Amino acid sequence: MKGGVVRVHERPWAVAVYLGFSALVSLAAATPLAATIGAVTGAYPRGDAELFDRGGVMLLEALRHLRTSIPALGASWAVLALVALPVGLLVLGFSLALLGTRARPRPSWALARAASSLPTLVLVGLTALVASAVLGALVWIPGASVTRALWPSGAAHDLARRILSVLVVLVVLLVGVLHDLARAAAVTFPAKTYAALRASLLTAWRSPVVAPWSWAWRMFIGVLALAGSSWLGLRIGQRTPAALLATAFTHQLALGVMGWMRLSWLARAAHLVSTEAARSAESAEGADSVSGEPASAEPASAEPASAEPASAEPAPPADAASEAESAARAGSMHEPLA
C-alpha cells in the first residue's frame with residue numbers, strides 16, 4: 001500500500017459503521033439482562049443503584065432471580081448471535097475495504113467488496129476456530145500430563161497450571177492475529193481462502209515481531225481504557241441516577257477507545273499484507289528478469305552461428321539448380337525446331 005498506513009480518522013464511514021454496530025449489539029445483548037434485573041429493583045426509588053449498596057443483599061437477590069431466567073436469556077442471545085455474526089462479518093469487511101486503500105472509495109464500493117468477500121471471511125473464520133481448538137489442545141494436553149507428573153499437588157502444581165493456561169491463551173491470541181491478517185488479505189486484495197491464509201502466514205513469517213506487537217500495544221490500550229473506566233465508575237458510584245449515567249458514559253467511552261484501537265489494528269494489518277504482497281511480486285519479477293536474460297542472450301548468439309552454415313552450404317546447390325534450369329530451357333527451345 002502506497003503512502004503508509006491509513007489513519008482511522010481518515011475513514012469516518014468505517015468508524016461510524018463499526019462503532020455504531022458494536023453499540024447496537026451491546027445494547028441488544030444487555031437489554032434482556034437489564035429487564036431481568038429490573039424486575040427485582042424496578043419498584044425501588046433508586047432503581048439499579050440498590051444493587052450496589054453495602055452488604056449486597058439486593059445483588060444476591062437479583063442473581064437468584066437471574067438463575068431462573070437463564071434459558072430465556074440463552075435463547076435471546078442465540079437469536080442475536082445468528083443475526084449479529086453474519087452482519088458483523090459484513091461490517092468488518094466494509095471497514096477493512098475502507099481502511100485497506102489510500103484512495104477514498106465510496107461506501108457503496110466498500111459494501112460491494114465486503115459482500116463479495118463474505119464467503120471467504122466465513123471460511124477463514126471457521127479455519128481459525130479449528131486451528132485455535134487444535135493448537136490449544138496440543139499445548140494443554142501434553143502440558144497437563146507433564147505438570148501432573150512433575151508436580152502432582154501443592155503450590156507448584158497450581159503455579160504450573162496457571163503458566164500452562166497462559167501459554168494456551170497466548171497460542172489462541174496468536175491464531176487471532178493470523179486470523180485478522182487473513183481477513184485483511186481476503187478483503188484488501190481480494191483473495192480466496194487459501195490465498196488469504198497463505199498471505200497471513202507469509203506476513204507473520206516475514207514480520208514475526210511487527211505483526212504481534214502492532215496488535216498487542218493497541219489491545220493493551222483498549223484493555224487499559226476499560227480497566228480505567230471500571231475504576232472510575234467505582235469512584236463515581238451508582239447511588240443516584242446522575243452517577244449511573246456518568247458511569248455508563250465512562251464505560252461507553254472505554255468501549256469506543258477499544259473499537260478505535262481495533263480499527264487501527266485492522267488498518268495496520270491491511271498495510272502489512274499489502275506490503276508483503278508487493279514485496280513478493282517485486283522479488284518474483286526480479287527472479288523472472290534474471291532468469292530471462294541468459295535465455296534471450298543464447299538465441300542471439302546462436303542465430304549468427306547457425307546462419308553462417310546456412311548461407312555457405314546452400315550456395316552450390318543453387319548454382320547447380322540454375323544450370324539445370326538453363327539446360328532444360330535450352331532443350332525446350334530446340335525441340336520445336338527439330
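Tabulated data for the structure shown
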{"quantity": "Subset of the stretch 257-304 that is of a type in the set (D, E, K, R) and at pLDDT below 65 - its residue that is farthest from residue 91 (Cα to Cα)", "calculated": "303"}
{"quantity": "Criterion (surrounded by fewer than 18 Cβ atoms within 10 Å (Cβ to Cβ) and of a type in the set (A, V, I, L, M, F, W, C)) met by exactly one of 115, 128, 97, 62", "calculated": "115"}
{"quantity": "Long-range neighbours under 8 Å by Cβ, at least six apart or interchain, first residue free of Cβ contacts under 8 Å to residues at least 12 places away in the same chain within the stretch 119-131, second of a type in the set (Phe, Trp, Tyr) and in a helix (DSSP H, G or I)", "calculated": "none"}
{"quantity": "Test: residue in the stretch 75-91 that is in a helix (DSSP H, G or I), hydrophobic (A, V, I, L, M, F, W, C) and modelled with pLDDT under 80", "calculated": "no"}
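The rows are residues; the columns are (1) of a type in the set (A, V, I, L, M, F, W, C); (2) more than 30 Å from residue 274 (Cα to Cα); (3) surrounded by 18 or more Cβ atoms within 10 Å (Cβ to Cβ); (4) without any contact (Cβ under 8 Å) to a residue 40 or more places away in the chain.
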{"site": "147", "(1), (2), (3), (4)": "no, yes, yes, yes"}
{"site": "151", "(1), (2), (3), (4)": "yes, yes, no, yes"}
{"site": "154", "(1), (2), (3), (4)": "no, yes, no, yes"}
{"site": "157", "(1), (2), (3), (4)": "no, yes, no, yes"}
{"site": "163", "(1), (2), (3), (4)": "yes, yes, no, yes"}
{"site": "166", "(1), (2), (3), (4)": "yes, yes, no, yes"}
{"site": "169", "(1), (2), (3), (4)": "yes, no, no, yes"}
{"site": "181", "(1), (2), (3), (4)": "yes, no, yes, no"}
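For every residue, the table says whether it meets (1) exposed (fewer than 13 other Cβ atoms within 10 Å of the Cβ); (2) touching a Leu at 6+ places or on another chain (Cβ under 9 Å).
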{"position": "235", "(1), (2)": "yes, no"}
{"position": "251", "(1), (2)": "no, yes"}
{"position": "256", "(1), (2)": "no, yes"}
{"position": "262", "(1), (2)": "no, no"}
{"position": "272", "(1), (2)": "no, yes"}
{"position": "280", "(1), (2)": "no, yes"}
{"position": "284", "(1), (2)": "yes, no"}
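The values are calculated or read from the model by the stated rules, or taken from the named source; none is laboratory data. Here the structure is a predicted model, which is why all the values come from computation and not from measurement. Neighbour counts run over all protein chains shown; Cβ positions are idealised from the backbone, glycine included.
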